[in-house]
Structures are given as structure tokens and as C-alpha cells.
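Heads up, the thing below is written out as C-alpha cells.
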Amino acid sequence: MSAFQGILLPLIWIFTTTPPIPPSPIPNSFEEKSKSEIIWDHLYDNYENIPSVEALDFALDGYENLENTLEKQVLTLIDFSLPSTEKRLWVIDLAKEKILLNTVVAHGRNSGMLMAEKFSNRPESYQSSLGFYKTGETYFGKHGYSLRLDGLEKGVNDQARNRAIVIHGADYAREEVAKMSGRLGRSLGCPAVPSELSKEVIDLIKDGSLLFIFADQEDYLSQSEYIQD
């Protein structure tokens with residue numbers, strides 16, 4: 001036997017006796033994505049300004065936990081991790097996966113200047129409160145057509161009604177103010193929206209839909225019963 005045959009025969013034995021390696025399964029990207037990622041992808045394909053995956057994921061966790069107590073498949077998401085100059089309020093039709101409205105929204109005067117950084121459930125704090133709310137009834141008050149909110153999280157936002165934390169329109173919450181001063185004006189704790197949009201916002205979300213106010217606050221995110229697995 002030649003030297004070449006001496007090398008070739010062991011190689012032939014290896015290739016004929018070693019079982020073939022099965023191909024790696026192709027991951028099914030659709031199945032691996034969470035519900036929020038699927039909705040986010042759909043929104044990304046159809047809208048210019050959309051909420052972050054993180055904020056939407058927390059919001060949808062809460063929606064799934066609270067769905068049986070709600071009257072509408074509408075989710076309002078406010079992202080206070082964004083500056084007040086950005087359109088950080090979204091009204092989303094979950095059934096149709098559509099953004100119904102996207103606008104700027106003001107935070108409480110003692111929560112911060114451009115950014116909302118401090119939050120409170122305490123009366124007279126003039127700070128915004130995080131967490132999940134159920135929208136209530138409408139009324140006419142000092143800010144005109146307004147919408148009452150019921151905070152659903154004890155110790156986080158359950159004083160909302162006592163504090164008169166409501167959705168209302170305000171001229172200081174208009175985009176023109178942000179362009180002139182570098183930030184929106186601030187409320188006494190209410191998520192105030194532009195005066196010209198307030199009726200549309202309120203009529204979309206009134207009477208039993210879910211509102212979620214998000215911020216990158218570990219103390220809240222690690223404790224909320226509605227966003228835990």
C-alpha cells in the first residue's frame with residue numbers, strides 16, 4: 001500500500017462512520033417574539049413615532065392583567081422617560097393595532113423641568129404619579145372638558161381622585177410653548193394635553209379604558225403587581 005493510500009483510507013473511514021450533523025432548526029422569529037414586540041413591529045411599519053418596546057411591554061403586561069375590568073380595548077401610554085418636548089402620549093387601539101392619537105403631554109411642576117424625574121402619590125405634592133389608571137367620567141371644571149382618573153395601584157397612584165389628577169387641556173401644554181421655551185409648561189400633577197386636542201383625547205379614552213404612565217424607575221417597576229410575571 002502506498003503512502004497516499006495510507007492517508008486516504010483513515011479519512012474515508014472517518015467520513016463514512018461519523019453520523020451526519022443534523023441541520024440547526026431555523027428559529028421561528030414570529031413565535032419567539034412577545035406580544036408587545038409583534039404589536040411594536042406592526043406600529044413601526046406604519047407610524048413614524050412609536051413607543052419603546054420596553055414601555056409598551058410593561059403597558060401590555062398590565063393590560064392583560066386588568067383586561068377583565070376594562071370596558072374598552074384602548075390603551076393610553078405616557079412615557080415620562082422622554083422629555084416634554086417629545087410626543088410622549090399614545091392612544092392605541094389594541095384590537096386594530098392602530099395608533100389613534102400621538103401628542104405631547106405635561107408632567108407635574110415638582111416632578112422636574114424638561115424631564116419628569118420625581119413622582120409622588122401625596123396630595124399637594126404637585127408631582128406626577130406613575131402606574132396604571134382606569135379612565136372615569138367626564139366633567140366640566142376650571143380647565144373645561146376634563147376626564148377623571150382612578151389610580152389602580154395602592155401607594156403609587158391611588159390618591160389620584162382625591163388629588164384631582166385628571167386629563168385636561170392646557171395652553172402651556174402646546175407644542176408651540178416647547179418650541180419657544182425648550183420645554184412644556186407644567187401642571188399640578190395632571191397629565192395635561194394641548195388644549196386643541198383635549199376633547200379628542202378624552203372622547204377616545206373615557207369611560208373605562210386603561211392608561212399607563214411609565215418612567216424608568218426601578219423602585220416602581222420592580223414592585224408593581226401588574227407588570228410581574
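The values are calculated or read from the model by the stated rules, or taken from the named source; none is laboratory data. Treat the numbers as computed from the prediction; the structure is a model and nothing was measured. We place every Cβ from the backbone using ideal geometry, glycine too, and count neighbours over all the protein chains shown. Protein only, heavy atoms only, side chains kept; ligands, DNA and RNA dropped before computing areas. Shrake-Rupley method; radii C 1.70, N 1.55, O 1.52, S 1.80 Å.
Pairs, please: C-beta under 6 Å, at least 6 apart or cross-chain, first residue closer than 11 Å to PHE132 by Cα and in contact (Cβ under 8 Å) with a residue 12 or more places away in the chain and in the range 202-224, second among the basic types (Lys, Arg) and outside any helix (DSSP H, G or I)?
Between residues of the range 202-224 that are closer than 11 Å to PHE132 by Cα and in contact (Cβ under 8 Å) with a residue 12 or more places away in the chain and residues that are among the basic types (Lys, Arg) and outside any helix (DSSP H, G or I), the close pairs are SER209/LYS72.
Looking only at the range 94-117, which residues are surrounded by 15 or more Cβ atoms within 10 Å (Cβ to Cβ) and assigned to a strand (DSSP E or B)?
Of everything in the range 94-117, those that are surrounded by 15 or more Cβ atoms within 10 Å (Cβ to Cβ) and assigned to a strand (DSSP E or B) turn out to be ILE99, LEU100, LEU101, ASN102, THR103, GLY108.
Kindly indicate whether any position in the range 142-152 is out of contact with any strand residue (DSSP E or B) (no Cβ under 8 Å at 6 or more places or on another chain) and either charged (D, E, K, R) or free of Cβ contacts under 8 Å to residues at least 24 places away in the same chain (or both). Break it down into steps so the answer makes sense when it comes.
We begin by selecting, within the range 142-152, every residue out of contact with any strand residue (DSSP E or B) (no Cβ under 8 Å at 6 or more places or on another chain); these are 142.
Keeping just the survivors that are either charged (D, E, K, R) or free of Cβ contacts under 8 Å to residues at least 24 places away in the same chain (or both) gives 142.
Yes.
Checking the structure you have, find out if any residue of the range 175-183 is within 16 Å of ILE78 (Cα to Cα) and assigned to a loop (DSSP other than H, G, I, E, B).
No, because not a single residue in the range 175-183 is within 16 Å of ILE78 (Cα to Cα) and assigned to a loop (DSSP other than H, G, I, E, B).
Of all residues in the range 184-208, count the ones that are more than 24 Å from LYS72 (Cα to Cα), part of a loop (DSSP other than H, G, I, E, B) and either of a type in the set (Phe, Trp, Tyr) or open to solvent by less than 10 Å² (accessible area, probe 1.4 Å) (or both).
2
If you go through the range 40-87 one residue at a time, how many are assigned to a helix (DSSP H, G or I) and closer than 24 Å to GLN223 by Cα?
Residues meeting the conditions: 17.
Could you list all residues from the range 127-138 that are surrounded by 12 or more Cβ atoms within 10 Å (Cβ to Cβ) and over 17 Å from PHE80 (Cα atoms)?
Answer for the range 127-138, where residues must be surrounded by 12 or more Cβ atoms within 10 Å (Cβ to Cβ) and over 17 Å from PHE80 (Cα atoms): LYS134, THR135, GLY136, THR138.
Just to be sure before I move on: is GLU124 in a loop (DSSP other than H, G, I, E, B), open to solvent by 10 Å² or more (accessible area, probe 1.4 Å), out of contact with any strand residue (DSSP E or B) (no Cβ under 9 Å at 6 or more places or on another chain) and free of Cβ contacts under 8 Å to residues at least 60 places away in the same chain in the structure I sent?
Judged against the criteria, GLU124 is a match.
Taking the range 82-93 as the region of interest, how many residues are touching a helix residue (DSSP H, G or I) at 6+ places or on another chain (Cβ under 7 Å) and either surrounded by fewer than 21 Cβ atoms within 10 Å (Cβ to Cβ) or among the aliphatic types (A, V, I, L, M) (or both)? Write out each step before concluding.
Taking the range 82-93 first, the residues touching a helix residue (DSSP H, G or I) at 6+ places or on another chain (Cβ under 7 Å) are 84-85, 91.
Of the ones still in play, those that are also either surrounded by fewer than 21 Cβ atoms within 10 Å (Cβ to Cβ) or among the aliphatic types (A, V, I, L, M) (or both) are 85, 91.
Qualifying residue count for the region: 2.
Of the numbered conditions (1) open to solvent by 70 Å² or more (accessible area, probe 1.4 Å); (2) part of a loop (DSSP other than H, G, I, E, B); (3) of a type outside the set (Val, Ile, Thr), ASN157 satisfies every one except a single condition; which is it?
Status for ASN157: all satisfied but (1).
Out of the range 48-81, which residues are without any contact (Cβ under 8 Å) to a residue 60 or more places away in the chain and open to solvent by less than 40 Å² (accessible area, probe 1.4 Å)?
ILE50, PRO51, LEU56, LEU60, listed by residue number.
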